[in-house]
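Note sheet for the following structure.
Every read-out reported here was derived from the displayed coordinates using simple, explicitly stated rules and does not represent laboratory data. Just so you know, these numbers come straight off a predicted model, no measurement behind them. Every residue, glycine as well, gets a Cβ built from its backbone with ideal geometry; the counts of neighbours run over all protein chains shown.
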Amino acid sequence: MKRRQREEHSWHETRAAERPVEPFSTQGRHALALAYANEYRIGMSSLALQRVYELVHEEEDWTCHRFFTDGDGMPLSVEDDSPLNAFGAVAFSISFEEDYVNFLRLLDRAGIPLRREQRSEHDPVVIVGGACAMINPLPLAEFADVFVLGAAENLLPVLLPTLAEERTREAVCERLAAQPGYFVPSHHHPEGQAFSPKLVKLELSENAMRRPGHLPTTAIVTPHTEFSNKFLIEMSRGCPEKCRYCWATFGMGRFRWHPTEFILAAVERARAVTDQLGFVATAVGDHPDIEMILRQANTLGFRTAVSSVRIPAVTDGVLEALFASGDRSITLAPETGSDSLRERLNKPIPNQLVLDKVRLIFRQGFTQLKLYFLVGLPGETLEDVEAIVELVAACRRVMLEELAPTGVIGHIHVGANILIPKPYTGWQREAMEAPAKLKPKIALLKRGLGAMPNVSIGAMSIRQAAWQTFLSKSGSDAAEIIEAAARGQTISSLLRRHARVIEPLVYEAAPAGQRLRWQFLRAG
Ligand code: SF4
């Protein structure tokens, strides 16, 4: 990969703006480099990254240094500008397939050979965790020495002693390969094999979540993130619904929630560092005590926001508490515009219920509504896409009626994504819809919604969806293509040049019964 003469990025000012909830020492005998394959602004919004940081520091003699993609030249740690290549191990948290390219670029900037087979004993052990490792680690299998599969609480107690005690990369790999929760490509060679009893994903169980010390919260508050100055608290894992396309519900196990007393204790802890809270989960509104928790946060003087709420979980009580804390925006995901297609998606919520909830939202005084839809669903017709336009128009009418007495007009933003049939979902065998069918659907949406005042639309590009589908379904043979992207080749040119490899994977469904390459992982 071409190396240019570049300026290193010092974190002096960023560091000065950070407010740790507890003091974190940088003096441990052992140090783990924790890297996020994107900018600080995005990485520090990740509760997963913050949680690993906190857990590493809880281990005796360990300290953790954070790395992000900002700047050029040798990546330096936020903690004290230590260079990335000075660490014995670097653990990446990767949640989005698009970040694979950033992952390779960060290794390259640190002078770490990209391919695991080219690394010497002087190079760090490269570890990859996060959602992508659990969805399908194979596209990164030529680059990562070790994948960690599951919750950090279950994995760090084995990973850290191994890194501290073993002297060579091979010894680390051999020891971890024998443990559940670790995928070590040099030892497991999974492609072409059936399930292995060792390759289990170690999710956080319901029992563990009921014990103290298992609630992920922000470790360091900073103004420089997407959730500026917010203290994030995880409410639950999994989801009570089983939408056929959703990895969060199939991949993260049964819906379970953190005990209310732990959440309230975390709210109290946050008071020392901020007056803003964010409650996050795939199904925040389904926590049985959500209304009480929000009210309590308000009483303590916090401004509060939640990640998206499942449509049936939108209640007067939740809306009232959020509104009282200053929130004016709500996100819902109807996914499609017709009741029948929504039922096939396994989300049996009628349009009438969507409209009833939208009325509650605007009646409460909220002025901003975000609606998320998917196009390219199996069996979807142009009429189904027209139904999205009609549903948004109906939501807009409700908005105008309810907000008329206030003199405010309000705004609806529509996010239109393309279905990516991900591994370990109900639609994992499906193909992404062909561009020839997607183009008129997206054009119809843009035309229909673009003509509506106070409605905006942001649509995912077909190129982006094809690239993401390829990366989520491919095997280790994708390595060369990802390397080419990291060297600067555009996604469009790669999709064209490697069409013979990429297109069957993206646009052809897998027949029922055929073994899928990622099925060597199973839930533990
Ligand atoms: S409601 Fe949302 S989080 Fe739950 S299964 Fe459906 S898409 Fe996934």
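Å³ per residue of the Cα convex hull, for the range 12-201?
Looking at the range 12-201, the number lands at 110 Å³ per residue.
Would you mind estimating how fast the range 230-327 diffuses translationally, via Stokes-Einstein at 25 °C and 0.890 mPa s with the Kirkwood radius over Cα pairs, in µm²/s?
In µm²/s, the coefficient is 180.
Along the Cα→Cβ direction, 7 angstrom out, place labels at residue 39 and residue 224. What is the inter-label distance in nm?
Between residue 39 and residue 224, the simple spin-label model gives 1.1 nm.
On full extension of the chain, what length is gained from residue 118 through residue 447, given 0.36 nm per residue of separation minus the C-alpha to C-alpha distance?
The span from residue 118 to residue 447 would gain 113.3 nm if fully extended.
On a C-alpha basis, how far is the centre of the range 243-280 from the centre of the range 446-524 in Å? Whole number, if you could?
One Cα centre to the other: 30 Å.
Given a cut-off of 32 Å, name the pairs among 230/446; 230/370; 201/446; 347/437 whose C-alpha atoms lie farther apart than that in the structure shown.
From 230/446; 230/370; 201/446; 347/437, over 32 Å: 230/446; 201/446.
Using only Cα atoms, what is the ratio of the radius of gyration of the range 329-460 to 2.2 N^0.38 Å?
Dividing the Cα radius of gyration by 2.2 N^0.38 Å gives 1.07.
By residue number, which cysteines of the chain lack any other Cys whose Cβ falls under 4.7 Å from their Cβ?
So, 64, 132, 173, 239, 395.
When the Cα centres of the range 128-187 and the range 368-439 are compared, how far apart do they sit, in Å?
Comparing the Cα centres of the range 128-187 and the range 368-439, I get a distance of 39 Å.
How much length would be gained if the chain were fully extended between residue 507 and residue 187, taking 0.36 nm per residue of separation minus their Cα-Cα distance, in nm to one decimal?
Difference between extended and current length: 112.0 nm.
With the Cα gyration tensor of the chain in hand, give its eigenvalues times 5 under a square root as the equivalent ellipsoid semi-axes, listed largest first in whole angstrom.
37, 30, 22
Per the helix-only calculation at 222 nm, which mean residue ellipticity applies to the chain, given -39500 (n - 2.57) for every DSSP H run of n ≥ 4 and division by its residues, nearest 500 deg cm²/dmol?
Roughly -11000 deg cm²/dmol at 222 nm, from the helical runs in the chain.
What is the distance in Å between the Cα centres of the range 44-84 and the range 309-337?
34
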